[in-house]
Each structure stands twice: as C-alpha cells, then as structure tokens.
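Below is one structure; the comments refer to it alone.
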Amino acid sequence: MASPHRMTRLLAPPATRPARRAVLLHRFPPRVATRHASTSSSSAGSFYVPGLKPFLYASSIAVTGYVVYIYATDTRAFIHRYVVPPLLRFLYPDAEEAHNAAVSSMKGLYSLGLHPRERPSAIGPDLSISVFGSQLANPIGISAGLDKHAEIPDALFALGASVVEVGGCTPLAQEGNPKPRMFRIPTLDGLINRYGLNSHGADAMARRLRDRVRLYAKSVGLDEASVLNGEANVPPGSLLPGRMLLVQIAKNKETNERDVEAIKRDYVYCVRRLAPYADVLVVNVSSPNTPGLRDLQAVEPLTRILSAVVDEARKTDRREKPKVMVKVSPDEDEDAQLEGIVQAVWTSGVDGVIVGNTTRRRTGLIPPRVNIKAKEQRTLAEAGGYSGPMMFDRTVELVSRYRKMLDGRSLQSAKLEREVANEAVDTSIAAIEGTITGALETEPKEVPNKPPEQKVIFATGGITDGHGALKTLNAGASVAMVYTGLVYGGAGTITRIKNEMKQELTGISS
C-alpha cells in the first residue's frame, strides 16, 4: 500500500509539474541550448571555409613529396654516396647479387622517371672535348661491366657520363664462370671478378638496342633508318648530343683460342649484329677470365682479328660507320708487347686503344701502413681480375707509354707516306723528261706535310676523383673511364669527379 506522502505526489494537480520542471531546467540546462550558443558565438569571431583543412593537408604532402623527389633524384644527394653503397653491401653479402640488384633498381626507377640524374645546376664550366671528330660534353666515361647486357645505358648517361660502354657481348649466349665470381675488398675499395664474360648473346643485345632506337625514332617522328643515318641530329648509338655509346665484343669461351679464323668469325658476327647501334665497337682481347684471350694480343693474331673487325665495321649499313677500338691488358707492359699492339693497331686501321682492364697481379695492391683483414687477404688470393684505386699509377704510366708509341708510329707513317709520294712525283718527272711534252713550266711541288693522324686513347683503371681524371688526361688519354669507383662511390661519382676537375682547373677550393 502506498504511503500517504507518495499518494499525495501522484495526486497532485498538473499545474504544479511545470514549476518543478523549471527548477530542473535551471539546475541542468539542456545541452542543445549550450551548443547553439557556442556555435553562434564562434561564427561571430572567425571565418570558416569548408574543405580548407583537407586541401592544406594535400598541398603539404604534395610539396613534401616534390622536395623528396628533387633531393633523391639528384646525383649530389648525400644518400647516393653514404647510404646506398653501404646498404647494398649490407643487404647483399654476395657482390654479384648486389650488382644485379643495383641494375634492376636503376632499370625500374628509370622506367618510372625516378632515377638519379645530374641536374643542370651541377654542371660546371665547359669540359667538352673533341673525340673522333665529335664534340663530347665531358671527358668522363663508364667502363664495361656495370651494364653487361645493355639494360640501362640511358640511366647511366643520366649520371653525367659522356661515354658509356656496355658489354662485353659474345656471339652466343654463355653463362660465364661458376658462382661466386665477384668479391669485395672494402678496405682497398677494390673488387675481384672472374665473371668469364657472361652474356645473353649478340642477338639479344641487338634486339634490345634496336628496340631502344625504334622507341626514340617514334618519339621524334622518324623511322629507325633515319635515326641511324643521323637525321635526328644525335649519334646513332647514344641517341644523345655530346654522348657516345661503346659496345664491347668478345669471343665465346668455347671457341678454340688457337683457331684464329674461328675467333675472327666470332668477332665479325658480333659486328654484323651490333655495329648499327654503336658509336664505337670495342674489341676485348684482354679479359683475364677467358682462357687464351690475352694470347690474342700477340702481333700476328691481333692484326688479323682487328683487320677483320675494321673491314666489317666499314660495311655497316649506316651513313657514318662506327669507330673501332681495342681494349688491352695492363699486365702486358713490356716494351716489346706494347710495340706489337701498337703495330697491330696501325696495320689494321683501328681508331684507338682502351688502356687497360683488370689485372691478374697481386703485388703492390696494398698501400703502405694499411692493414687489411684476414678475410680480405683470402679474397685477394681469389682467381680473377682485380680493379680498384691501387691500379691508378699503372694506368697513368701505360697511357703515357702508349701515347708516345702511338704518336711515334704516326710520325713514322706520315714520313713514309711523304717519301713514297715524293718518290712517285720524281718518277713521273723522270718519265716525261726528254719528250716533246717534257718541258716543265714550273718546278715540281713537294707533297705537303699533313698533320699526323693521332690514335685515340681511353683510360680505365683506378680513377676515382677529379685529380686522377686530370692526371690521366694529361698523360695522353682523351677520356677517363670509371668502374670500381662507381661501385663504392655511388651514383654521384661522375658529377663529383667533374666538380673536382672544375675546382682544380679554376683554382676554386672545395
């Protein structure tokens, strides 16, 4: 039963309920009323634009992304020298796997437009140089070995080099030597490799280079033949003004090194397939990892091989034929050996020499007061060709010696040509003297002295900085080429070398 008090509340007249509700409203005002008051007061004090916050967020992200893109794709960026190379060595203990990863990354990044490249602001004063009658943008190149299968020539050109050498390429595809076959010596910034000219073959490389030319031709509204004949006003190999593409060729491992005719057929096959897409063909007779290859540097076989390559290159279906160079070993350094190579170069009509390649020698590779780890000592004992900064002095010395010998042979050739020509003139004069028409109205003119032709030298081996590049050029080379320096120095190596050259040439301190 309800109590009297509760009954009284329930029976209270309705008129008394609003008064109670008013009390409750006073003590606990509705939230809706407060919200309306707050909204009206903020609207009075500020201006609100719908969607402004998302726009600002998106703009900030876009600007940040652009800044990161500009930094990460600049060859001068810190990461390309001090982050990427050590990271590759850490992630890939096997040097060949690191190399393959780097090539794949550059290929992928280039296809997306995210590859490192030299900015116009990084280019210093004019470093251009005339080579083979063409003006190169600068005298720095990248040696063969980094792009064995011509997969990334354009990505390498983007790093600032004026010369890129792809290959070596053999007529038929071959696996090369068993793995592991590439080793690091970090204390010396050195490498040892015994790849054995692993190659996809001349047909595969020719298809890749031809597709590249066709893609370029389509982009400029021409056909393949027009581009190869120079109608695009770019070299048919590099497809870039002031640049030059070198294609290195070699014999197959299985081709008998004693059968010079078979070896000639190997090289000639490569010329037929690859010459249309090369500015320069490089005949490799100096790899230390192909049995018997360096034996071909003897005068007689070398002359026959080079002559066959030169003759075939001159048949290339192109308005301007590719030049031919021969890549020689740094280990054949006796005067008689150098003289034999020089003789073969002049006799065959080859246009120049690349000095040199990796070395089999292990003496003099460790600088004084430098202690290398036991593991690196064992690595030095691995079979294969060594490359690294300790090759530099030998490279400079060989360049100087080849320059003198090549120029000396050039002077002899020019003198002999003048003597033969003058003797021919004298014979002609003697033949007509005493005849009715034999009276000479003027004195016979002697054949004018022509400036001797100079063979071109490219240098590779131990070049890592601008000072070294200038020293190599002053020794007689036209182009200084880099390989191991890029592996340890990263994508900014070419730009850095050129800037150091600029500083030394202009006297600006770094």
The number of residues in the range 310-336 that are touching a Leu at 6+ places or on another chain (Cβ under 8 Å), open to solvent by 20 Å² or more (accessible area, probe 1.4 Å) and under 30 Å from residue 363 (Cβ atoms) is 2
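Can we say residue 96 is open to solvent by less than 20 Å² (accessible area, probe 1.4 Å), of a type outside the set (Gly, Ala, Ser) and assigned to a helix (DSSP H, G or I)?
Here the answer is yes, as residue 96 does meet what is asked.
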Of all residues in the range 315-344 being β-branched (Val, Ile, Thr) and over 26 Å from the mean Cα position of the chain (by Cα), the one that is farthest from residue 408 (Cα to Cα): 341
Number of positions in the range 294-309 that are in contact with a Ser or Thr (Cβ under 6 Å, 6 or more places away or on another chain) and surrounded by fewer than 21 Cβ atoms within 10 Å (Cβ to Cβ): 3
Counting only residues that are modelled with pLDDT of 95 or more and open to solvent by 20 Å² or more (accessible area, probe 1.4 Å), how many does the range 350-377 have? 1
In the range 271-280, which residues are within 18 Å of residue 172 (Cβ to Cβ) and under 21 Å from the mean Cα position of the chain (by Cα)? 274, 275
Does any residue of the range 208-223 turn out to be in contact (Cβ under 8 Å) with a residue 12 or more places away in the chain and in contact with a strand residue (DSSP E or B) (Cβ under 9 Å, 6 or more places away or on another chain)? yes
What do you reckon, is residue 108 at pLDDT 95 or above, assigned to a strand (DSSP E or B) and not basic (Lys, Arg)? no
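Taking the residues in the range 46-86 that are of a type in the set (Ser, Thr, Tyr) and closer than 30 Å to residue 191 by Cα as candidates, determine which candidate is most open to solvent (accessible area, probe 1.4 Å).
82
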The number of residues in the range 242-261 that are of a type in the set (Val, Ile, Thr) and surrounded by fewer than 24 Cβ atoms within 10 Å (Cβ to Cβ) is 2
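Does residue 290 meet the test of being part of a loop (DSSP other than H, G, I, E, B), under 22 Å from residue 149 (Cα atoms) and touching a Leu at 6+ places or on another chain (Cβ under 8 Å)? Can you show your working first?
Working: part of a loop (DSSP other than H, G, I, E, B): yes; under 22 Å from residue 149 (Cα atoms): yes; touching a Leu at 6+ places or on another chain (Cβ under 8 Å): yes.
Here the answer is yes, as residue 290 does meet what is asked.
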Report yes if residue 310 is touching a strand residue (DSSP E or B) at 6+ places or on another chain (Cβ under 9 Å), of a type outside the set (D, E, K, R) and in contact (Cβ under 8 Å) with a residue 60 or more places away in the chain, otherwise no. no
Would you confirm whether any residue within the range 369-387 is in contact with a helix residue (DSSP H, G or I) (Cβ under 6 Å, 6 or more places away or on another chain) and part of a strand (DSSP E or B)? yes
Regarding the range 250-262, can at least one residue be identified that is under 20 Å from residue 144 (Cα atoms) and not in a loop (DSSP other than H, G, I, E, B)? no
Look at the range 293-313 and say how many of its residues are in a loop (DSSP other than H, G, I, E, B) and under 23 Å from residue 409 (Cα atoms). 1
Quick one: in the range 478-508, which of the residues that are of a type in the set (Gly, Ala, Ser) and out of contact with any helix residue (DSSP H, G or I) (no Cβ under 7 Å at 6 or more places or on another chain) is modelled with the lowest pLDDT? 507
In the range 240-257, how many are without any contact (Cβ under 8 Å) to a residue 60 or more places away in the chain and at positive phi? 0
Does residue 394 fit the bill of being open to solvent by 60 Å² or more (accessible area, probe 1.4 Å), in contact with a strand residue (DSSP E or B) (Cβ under 8 Å, 6 or more places away or on another chain) and under 23 Å from residue 464 (Cβ atoms)? no
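The values are calculated or read from the model by the stated rules, or taken from the named source; none is laboratory data. Predicted, not measured: the structure shown is a model, and the values here were computed from it. Glycine gets a Cβ as well: all are built from the backbone with ideal geometry, and neighbour counts include every protein chain shown. Side chains are part of the model used for accessible areas, which takes the heavy atoms of the whole protein and leaves out ligands, DNA and RNA. Shrake-Rupley method; radii C 1.70, N 1.55, O 1.52, S 1.80 Å.
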